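Novice: Once you've had a glance at the structure underneath, I'll fire off some questions.
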Amino acid sequence: MAECHPVGFRWVMEAKRRGATIIHVDPRFTRTSAVADIHVPIRPGSDIAFLGALVNYIISNDLWFKEYVVNYTNAAALVSEDYKDTEDLDGLFSGWDHEKGQYDPSSWQYRGLDVTPAAGHREMFSGEPRAERGAIVSAEQHDYTLTDPLCVFQIIKRHYSRYTPEMVEEACGVPRELFEKVARALCENSGPERTGAFCYAVGWTQHSVGVQYIRTAAIVQLLLGNIGRPGGGIMALRGHASIQGSTDIPTLYNMLPGYLPMPKASYDTDLQKYIEYNESASGWWSEFPKYMVSLLKAWYGPAATLQNDWCYDYLPHITGDHSHMVTVAAMADALIQGYFVMGENPAVGSMNCALQRKGLRNLKWLVVRDFAPTETAEFWHNAPEVVSGQVRTEDIGTEVFFFPCAAHTEKDGSFTNTQRLLQWHHKAVEPPGDCRSELHFAWHLGRRLKELYRASSAPKDRAIRDLTWDYRSIGAIEEPDAEEVLAEIGGYTLGDKKSLSGYKELKNDGGTVCGCWIYCGCYKDGTNQAARRKPASEQSWVAPEWGWAWPANRRLLYNRASADPQGRPWSERKKYVWWDAGEKKWTGVDNPDFIVDRSPDYRPGPEAKGIDTLSGIDPFIMQAEGKAWLYDPNGLLDGPLPTHYEPEESVLKNPLYGQQCNPARMEWIRKENPYHKAWGDTDYPFIATTYRLTEHHTAGGMTRWVPWLCELQPEMFVEVSPELAALRGLENGGWATVSTVRGEIEARVLVTERMHSFVQQGRTLHTVGIPYHWSWIGRSTGDAANELTAFVADPNVSIEESKAFSVQIVAGRRSRKRRAAASGPLVDREVEGPERDQPEVREKPAGKHGLHAGKTELTEEA
Amino acid sequence: MAKNGWALRWPALKQLSTGDLAGLGESAMTERTRTLRPRVVEADKVVDSVCPFCGVGCGQKVYVKDGRIMDIEGDYDSPISQGCLCPKGSATMQLVTGTHRTMSVLYRRPYGRKWEKIPLDKAMDMVAERVKKARDETWEEQHEKGHPLRRTLGIAHLGGATLDNEENYLIKKLFTALGIVQVENQARI
Ligand code: SF4
């Protein structure tokens, strides 16, 4: 955090100054470790074993926050009698369907009930017709003594019972005393009087079990009562100015703005079905139709009427996974004609660069927008496979357009930072030359396309013809008015164009327009709320008048949990939101994340519907039953509980189960994407992990051209421990070549004790640390780490695994005829080896473009 | 200053005569240092902004003079950053004003070996035509089982995560209306 989010880290230092214990778990010793109270070097890829052991420690030492857990989580819920755990099936849960190659989650459900997963997971399973979901929440079966062997609490207890300090030693390479020190510190700093927080940078998600990493942290935090309370939580420290915004108003294939799912071809055939499959009968998602209708009104304006289902028919439908790597694999198979890349550099920042560039070579046209031509814009020139002669520039038929972009100082607009806070940046100067904002590009491209389709009467062209696209044009360059776009996102009433103050005002009768329901109110009172800048010194520590946080300017989500079931703060020290019995409403230092007049003693009757099903002790209002999920009865594709699986390419056999890897992971079996052995590959015996440096940003598009930063961090390097250096004859400052069967890179060697060697399962394991900012263009150049990585991903969100894989390292430079897996593996070799999967998991039906995943059928045609 | 001022200006004497023994106070000053001002006071306007790099969202002040950016500094009022910027944030000035920035549209013909400059409007027209062509050629109205698809898989998008919310919104709105579903972002990477 000190390296990648330095200014955010000043608050950690402030907490330390006030007595907080800082624990840093990271394979490397970094500037964060230098100031932490405890640094725990951990083997890359073993975090679930570590976190699962914390769960076990908390439960077996009886250190969990009982009143919180019993009232605010699903610990007491009873699970189906058909449920079988990974303890019973050597690493698999019940329900593996070996013909479909995926899980059937029905045996994971609550007893006698189907519930809807919360936001963010809805789009994965929503396809299954389950019209009555949530309707019978009140009939749910519970054991509040938490002793029934099939209640969630007992299932968790058993699931993690073998995650012991000894196992941590074996799986993570962390000495048990060190583990116990961490566990003690965490538990001593949790409870009514104290809270503990988890902060992670998104490298934590870049694993084939990435989602479950975060889930395990959530279980720990819920057991300790650290969610929805000040100083608690799990904070994703995201790496980009508006990466949270790009998820909320997604340029992501599976969602519409505000986490509404994209329609799925097989199920969501019309608006009624779409609503039926996606709304919940209970909890906040019962308001779903209002959000959807307001979005359709925002997009299709007067054309959207009750009679035509608000133009629902204009929306395209998805048929499975259309995520980044899936798309690039299709591109490499020449199935995609055109690609827009805006402010992104996949030829450096995405997995398996050689395969990325093969995709680009097989396009008809490519549009890249950036400050200067990146490696993605110039893949046809000086790319490794071009330099080596494997591919010739004059054979590459892709037409490339490079558009220079405007900087944030040359345009108005809002970023949503990592804590959901929208902050407006004002235009300071005009963009130079032909530099333009993406807003300008999208708007003018849309205007041209509307013109090209103006005369068309084809049904397929109605959506573009009816699209509302009249934004005010400003200045000589005809920049669309960004504030007007924000006003549409924030919502207004149709009749008098009065801006809405919050999502509770949205309607399903076409009377309101709102481009993103969770942002509703960001243009309240006709004022740009994101541009508010009341100095921190002039307001409370929560600073509610600086920018605007979604939803409803709430700074801390689920903050009802900061009070006890009766509505009183858990302690004076940790006071945040509470029930004011006199006023009969929730109040506090933040906007309460609850129905403001719902008394703590309210209990819904059997007839309750929608929001009325939420009781006064249901803080997690987005969940169908208002409780946080320790156990996920159906939301994830790889199981209801996080389980330790090894990375696709590991150096160790899974010490816990016969099942080596996540059974539902996404693999691409293609000749340009070969894998190493599951473990013990003697050709690639070392662990590799990639990371960022303070002075550079992602794939370098915003830093490798900036001399000040290049001076601070001038050259690509790899970090190795003195032991590994001795073993491989590497010299500090000398050259090394790091390779996988997919690519090879050279870099200067930094021999440093910051890298740790682990002794595990009787072997010494070494790690090579590889920053991933460089490639062949810019003012500071070097080889790209992602030449080494593979297409392999988490099944839930299709995020790649780049933080743990296996490599070889040798002293000296790579040959000038460097190799890349442009057309196949670097070396021909037998890859017979240990199996990654149990026999029943081995044969997954192949999807398209080499994809094998434990999920295709769930969203593909039923 | 008196006639014999040259002697009193001699640093050691000046220190002694003013009692500034550490030599860090008045005796270290000259006319020049006394009149020094931060560059930014000369700015015509100060514009509120946000650091464009990482997700922390540090506040920035952009100082403008004669229509050009003269400096970018941290914003002391921000409850997030209280005036601080890290090395990247501090280099924002060079990011937005540096000579690395390309100012014109570049075009590489199929099988071409070099970039050519082309006018912005022409490039926009060419891209619009290509979108229409690709979309019309690859349109899928229905699945073979009769389910509606109403989309094209012939076009894809990948966006960075330093784009503004408003930009992402228009991209998603336009591309969805065109039936483009392969719309992706750094947020998944
Ligand atoms: S100044 Fe540094 S820490 Fe702050 S937002 Fe910018 S990159 Fe992040």
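Novice: Show me, for region A:781-797, the HN-Hα J-couplings you get by feeding each phi into the Karplus relation (A = 6.51, B = -1.76, C = 1.60, θ = phi - 60°), rounded to Hz, glycine and proline as x.
Specialist: 10, x, 6, 8, 4, 6, 4, 8, 7, 10, 6, 7, 8, 5, x, 6, 10
Novice: At 1.4 Å probe size, what's the solvent-accessible area of B:Met70? Round to the nearest 10 Å².
Specialist: Per-residue accessible area (B:Met70): approximately 30 Å².
Novice: What is chain A by shape, rounded, prolate or oblate, if you read a ≥ b ≥ c off the alpha carbon gyration tensor as root eigenvalues and call it rounded for a/c under 1.5, prolate for a/b larger than b/c, and oblate otherwise?
Specialist: Taking the square roots of the gyration eigenvalues as a ≥ b ≥ c, chain A is rounded.
Novice: Within region A:788-850, which trypsin sites (Lys or Arg not before Pro) sit in a loop by DSSP and count at most 13 neighbouring Cβ atoms inside 10 Å?
Specialist: Here the trypsin sites (Lys or Arg not before Pro) that fit, given the DSSP loop and packing criteria, are A:Arg813, A:Arg816, A:Lys817, A:Arg829.
Novice: Also, I was wondering about something else. Filter A:Lys264/A:Lys507; A:Lys677/A:Lys848; A:Lys364/B:Lys145; A:Lys297/B:Lys173; A:Lys364/A:Lys450; A:Lys16/A:Lys574 down to the pairs with a C-alpha to C-alpha distance above 20 Å, please.
Specialist: As for pairs spanning more than 20 Å Cα to Cα, those are A:Lys264/A:Lys507; A:Lys677/A:Lys848; A:Lys364/B:Lys145; A:Lys364/A:Lys450.
Novice: For A:Leu709, what accessible area in Å² do you get when you roll a 1.4 Å probe over the heavy atoms of the protein chains, rounding to the nearest 10?
Specialist: Per-residue accessible area (A:Leu709): approximately 0 Å².
Novice: As a test of the formula, what do you get for chain B when each DSSP H run with n ≥ 4 contributes -39,500 (n - 2.57) and the sum is divided by the residue count, at 222 nm and rounded to the nearest 500 deg cm²/dmol?
Specialist: Estimated from H runs of four or more residues: -8500 deg cm²/dmol.
Novice: What nm distance separates the two modelled labels at B:Asp66 and B:Leu36, each placed 7 Å from Cα along Cα→Cβ?
Specialist: A separation of 2.4 nm, rounded to one decimal place.
Novice: What does DSSP give for the protein assembly as shown in terms of the percent of beta bridges that are antiparallel, rounded to the nearest 5?
Specialist: Antiparallel bridges: around 60 percent, rounded to the nearest 5.
Novice: Considering only protein heavy atoms and a 1.4 Å probe, what is the carbon-and-sulfur percentage of the accessible area of the protein assembly as shown?
Specialist: Reported share for carbon and sulfur atoms: 51 percent.
Novice: Can you give the local net charge around A:Glu3? Use residues other than it whose beta-carbon is closer than 12 angstrom to its beta-carbon, Lys and Arg +1, Asp and Glu -1.
Specialist: Once positives and negatives cancel, what remains is +3.
Novice: Please list, in chain and number order, the residues 5+ apart from B:Gln60 or on another chain whose amide H is under 5 Å from its amide H, with Hs placed from the backbone.
Specialist: Long-range HN contacts for B:Gln60: B:Ser49, B:Val50, B:Cys51, B:Asp75.
Novice: Another one. Using the Cα centre of region A:398-469 as the reference point, and only Cβ charges (+1 on K/R, -1 on D/E), how large is the resulting charge dipole? Debye, rounded to the nearest 20.
Specialist: Numbers: 11 positive and 9 negative charges, 74 e Å.
Around 360 debye, computed over region A:398-469.
Novice: Ignoring everything except DSSP H segments at least 4 long, calculate the 222 nm mean residue ellipticity for chain A; use -39,500 (n - 2.57) per segment, divide by total residues, nearest 500.
Specialist: Mean residue ellipticity at 222 nm (helix-derived): -6000 deg cm²/dmol.
Novice: Let me ask something else about it. Of the GluC sites (Glu not before Pro) in region A:694-771, which ones lie in a loop per DSSP and count no more than 13 other C-beta atoms within 10 Å?
Specialist: A:Glu715, A:Glu731, A:Glu753
Novice: Let me ask something else about it. Give the residue list of GluC sites (Glu not before Pro) in region A:599-654 that are DSSP loop and have at most 11 other beta-carbon atoms within 10 angstrom.
Specialist: A:Glu607
Novice: Please get the size of the charge dipole for chain A, origin at its Cα centre, with Cβ charges of +1 on Lys and Arg and -1 on Asp and Glu, quoted in debye to the nearest 20. The partial results should precede the final answer.
Specialist: Working: 93 positive and 114 negative charges, 374 e Å.
Rounded to the nearest 20 debye, it is 1800 debye.
Novice: Using the charge dipole of the protein assembly as shown (Lys, Arg: +1 at Cβ; Asp, Glu: -1 at Cβ; taken about the Cα centre), state which of A:Val759, A:Met622, A:Leu637 has its Cα farthest towards the positive end.
Specialist: A:Val759
Novice: On to the next question. Looking only at region A:659-682, which residues have a backbone nitrogen under 19 Å from a spot 7 Å from the Cα of A:Glu87 in the C-beta direction?
Specialist: A:659
Novice: Send over a whole-number figure in Å² for the accessible area per residue of chain A, probe 1.4 Å.
Specialist: Counting only protein heavy atoms, the per-residue value for chain A is 32 Å².
Novice: Convert each backbone phi in region A:648-656 into a coupling constant with the Karplus relation 6.51 cos²θ - 1.76 cosθ + 1.60 (shift: θ = phi - 60°), then list the ³J(HN,Hα) values in order as whole Hz, x for Gly and Pro.
Specialist: 3, 10, 10, 9, 10, 6, 4, x, 9
Novice: Is the shape of region A:644-693 rounded, prolate or oblate, going by the alpha carbon gyration tensor and its root eigenvalues a ≥ b ≥ c, with a/c under 1.5 for rounded and a/b larger than b/c for prolate? Provide the component values of the computation, followed by the final result.
Specialist: Values: a/c = 1.33, a/b = 1.12, b/c = 1.18.
Rounded, since a/c falls under 1.5.
The values are calculated or read from the model by the stated rules, or taken from the named source; none is laboratory data. If you're wondering where the values come from, they're calculated on a predicted model, not measured in any experiment. Please note: Cβ atoms are built from the backbone with ideal geometry, for glycine as well, and neighbour counts cover all protein chains shown. For the accessible areas, the whole protein counts, side chains as well, though only heavy atoms, and no ligand, DNA or RNA atoms are used. Shrake-Rupley method; radii C 1.70, N 1.55, O 1.52, S 1.80 Å.
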